[in-house]
Structure formats: structure tokens, C-alpha cells
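The values are calculated or read from the model by the stated rules, or taken from the named source; none is laboratory data. For clarity, every value in this text was computed on a predicted model and none was experimentally measured. Neighbour counts run over all protein chains shown; Cβ positions are idealised from the backbone, glycine included.
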Amino acid sequence: MREQTIAALDIGTSKICCFIATVGEGKPQVIGIGHQISRGLKSGTVVDMEETETSIRAAVDTAERMAGGSPIHDVFVNISAGQPKSRILSVEVDVAGHEISQLDMDRVLAAGSKGLKDEDRFILHSRPISYRVDGVAGAKSPLGMFGEKLGVEIHLATAAISPLRNIQSCLDRCHLNLKGIVLTPYASGLATLAPDERALGAICVDMGGGLTTLSAFRENELVFGDIIPVGGNHVTRDIAQGLSVSEVRAERLKVFYGDCLQNRVPVRDQIDIVQTGEDGEDHGITIPRAMLTSIVSPRVEEILELVRDRIMDTGLVDIVGRRIVFTGGASQISGLEELAGKIFSADVSPGLRGDFHVRLGRPASVDGLADVAAGPVFSTCAGLLNYGAIMPDEVHAMQTRKSARGLFSRIGAWMRDNF
């Protein structure tokens, strides 16, 4: 495989990050890194075009200079906005009892592609999960098998078009081409789940600043993706309000002194904080560290319970098993792994019908990351590189490739068909 250079752009609520990497044999090799405080976004949605553009330019410029100065033109971008939805589409065709050929497989995928035209939302992903022959599921590749009916299950991820157009517009202002767009939880799962976990079944939870995303993998394919509108920033705001400190100082307190487990913080531990008094002036006081923990722990527990409830409501336990990996900036709060192990246990949550194996994840699927960029904060950006390196075939893109249309043309075509 000839070596090529690709770029990933993680547009998040709390930060915007750009990775530039070379791709050949093996893992992507990161050669440029840039990240910037995210301004102009709220819960992954663009709310100020100019500020978003400025943040993107700063992150990309830093990555380009580190990579040697050559400008990048194409980027793979994540999306969390647009109320993403995930579902499974099943289609079936008649093969009349003969040996199943590549033509038959193309035919069943084409039938699935026709079924996608009924969607009134923009299609992000449409990957075949598994095939079935005469109703018997589980075939990864039915070539050479015999049967009367050939069916396929396709995982479909969609989003509203307007937030995507806003991201496209910001990239146009930065003279960047949208090479591909990836659902945020999909990217996070590609970066942090081990190959065996993606094959046997596992769940990845990315606890970001404004959002918590959830992805489930089975047989190396994404089978479910969802987004919960709470994240680490909500913990920070709780601290700011509860202790009467600025959000900047609240974030620092969360990172350095926050803990998810109230019972393991020594009673005598004290911390110094700077409060804003009634006169508007700053005043330094000393408080028990347990007071901070009593604010952090309930909010993190609430987020974990929302994740647990979503897993139970969607029946993911029966689909992908009981392995769950936490990543993202908020996963670094002290004690999260232990608290998650408690909440995802049968004793606390009988509806799970068994204990989950819980671990913390960081981007292990790319090489060349410096220590500062190898943490769970950068999982999504690393996963975008993985997606760009493998470029998995999408069912809805079959006709697009035949007509040599790009992503922007797809957006335009979608607009013409629906308005």
C-alpha cells in the first residue's frame, strides 16, 4: 500500500483537535497535532460560525506546522449534532437455490441501498453487519453457499442535515474539504476498543465535555450509536454553582481534587478555593475536600445511570455482551472506574442480569502520539484517523462512487430530493 497523508478534525464542545498522520502498512503514524479551546459550539452544535472558524484554523495551523508546514486540504470530521439516530435495516432477495455469487451479494446490498432512499435524514453510515441464508443468520460472507433466500442486516446511522451544513460552511471558510463525516461514538470505539472486543462484542462510552456518547460493536461492526446530552461540563458547572467559584477554577478543582467516591476521601482533607463574594471581590477560604466530592459524585453517578438505562432500554446486553470501556476527558475523574463497576453490577442494577467488566480506554490504535496527546481526551480524533485509513464501504455510497460524487454533492442531492 502506497503511503499517504490524511487528517482528522475532532470538533467538540470543549476542544477542537487536529491530527495529521501518514498511512501505509500498520497503524496510522501521527506526524502533526494541534488542539485549541473550542469556542462557538454548544453540545457539538455550531452556534457561532466565526468563533468556530477561528478555533478550527488555530488547531489546523498548529498541526500543519508540526507536520512540516505543508497545508492539508481534506479532513475527516466527527459529528455529534443533528440528533443522530441508529437502527438496523433488514432486506432479503430470492436466489432460487443456486450457489450464492458476488452478483447475488451485490444485489441484496443494492436492495438495501434502495431502502435507504426512504430516509428523510442525512445518512452517515450504512454498513452490512451480517448475512443470512434461508433465515439462518450469522454468515459474514455467504459466497459459495446454497439457499433460496439471501438476506442482510444493515446498521444505519442518520442525522438532521442543518448541523452538518453548518460544519460544512465552517470548513469552507477554512478552505478545507469534508472528506468524510463520522458519528462521534463510532470514532471513539475504533480508537479505544481492542480488536477482540470489537469482534466479540463491547460497548464504548465517551464522556466528553458537553455530551456522553455510546457505541456498541459486534463482529467488528458498529451495531448501535447514541448520544446523551450531559458530560463533564455539567460537573464543572455544578461545582461552580455549589462553591461560588468561576468555571475556570471549578474545572481545576474537578481535575485535581474531584473524586467519584465520597467514602474514600479522608475527613481531614482540606483544599483552598477562591470564591467570589457578595462585594464582587475574590476571597480565599478553606473547605473540606469532602464538600467538593459531595458535588462531583452525584452528577457522575447520574451520567452513569443514564448510560446504564440506555443500555437496558435498547437491549444491548443481549447483543454485545457485558464489556464496557470508558474514555473521554470526564472519564479521568478519580474513582470513575470503581463507581462504574458498582453501577454496572447485578447487585445495584439487577436489570443487567450480570456484572459488566469495566475498564478505562485511551487511543491505542495509532502510533506517534506524544504523552500529552495519548490520553482519553483525544480518543475521537484518533478514531477518525482509523476510519480514514480503512475507509469502510458504506451501502449508501455504492451509487455515489459509481457517479464519482463527493460528500458535498451528496448533501446537495439530499437537499434537492427533500425540498
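Below is a table of values for the structure above.
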| item | result |
| --- | --- |
| Residue in the range 269-303 that is surrounded by the fewest Cβ atoms within 10 Å (Cβ to Cβ), counting only those that are in a loop (DSSP other than H, G, I, E, B) and touching a strand residue (DSSP E or B) at 6+ places or on another chain (Cβ under 8 Å) | 277 |
| Residue check for residue 102: over 22 Å from residue 188 (Cβ atoms) and either without any contact (Cβ under 8 Å) to a residue 24 or more places away in the chain or not aliphatic (A, V, I, L, M) (or both) | yes |
| Scan of the range 99-128 for residues that are buried (at least 18 other Cβ atoms within 10 Å of the Cβ) and part of a strand (DSSP E or B), ordered by number | 122, 123, 124, 125, 126, 127, 128 |
| Tabulated pairs, the range 386-397, first at negative phi, second surrounded by fewer than 22 Cβ atoms within 10 Å (Cβ to Cβ) and modelled with pLDDT of 85 or more, C-beta under 6 angstrom, 6+ apart or interchain | 386/365; 389/23; 395/109; 396/123 |
| Which listed residue is surrounded by 14 or more Cβ atoms within 10 Å (Cβ to Cβ) and within 15 Å of residue 171 (Cβ to Cβ), from 21, 81 | 81 |
| Some residue of the range 225-247 being touching a Pro at 6+ places or on another chain (Cβ under 9 Å) and either hydroxyl-bearing (Ser, Thr, Tyr) or farther than 30 Å from residue 157 by Cβ (or both) | yes |
| Hits in the range 53-112 (condition: charged (D, E, K, R) and over 14 Å from residue 176 (Cα atoms)) | 65, 85, 87, 92, 94, 99, 104, 106, 107 |
| The range 261-317 - residue that is polar (S, T, N, Q) and touching a residue at least 40 places away in the same chain (Cβ under 8 Å) and, of those, farthest from residue 202 (Cα to Cα) | 297 |
| Per-region count, the range 150-189, residues within 24 Å of residue 382 (Cβ to Cβ) and either touching a residue at least 60 places away in the same chain (Cβ under 8 Å) or touching a helix residue (DSSP H, G or I) at 6+ places or on another chain (Cβ under 8 Å) (or both) | 23 |
| Helices (runs of 4 or more DSSP H) enclosed by the range 306-419 - at least 1 residues per element that are closer than 27 Å to residue 256 by Cα and either touching a Leu at 6+ places or on another chain (Cβ under 8 Å) or modelled with pLDDT of 90 or more (or both) | 336-343, 379-390 |
| Residue 113 being out of contact with any strand residue (DSSP E or B) (no Cβ under 6 Å at 6 or more places or on another chain), touching a residue at least 24 places away in the same chain (Cβ under 8 Å) and farther than 27 Å from residue 6 by Cβ | no |
| Failed criterion for residue 15 (all others in (1) under 16 Å from residue 373 (Cα atoms); (2) crowded, with 18+ Cβ neighbours inside 10 Å; (3) free of Cβ contacts under 8 Å to residues at least 60 places away in the same chain hold) | (3) |
| Filter result (at pLDDT below 85 and more than 22 Å from residue 226 (Cβ to Cβ)) within the range 116-134 | 117 |
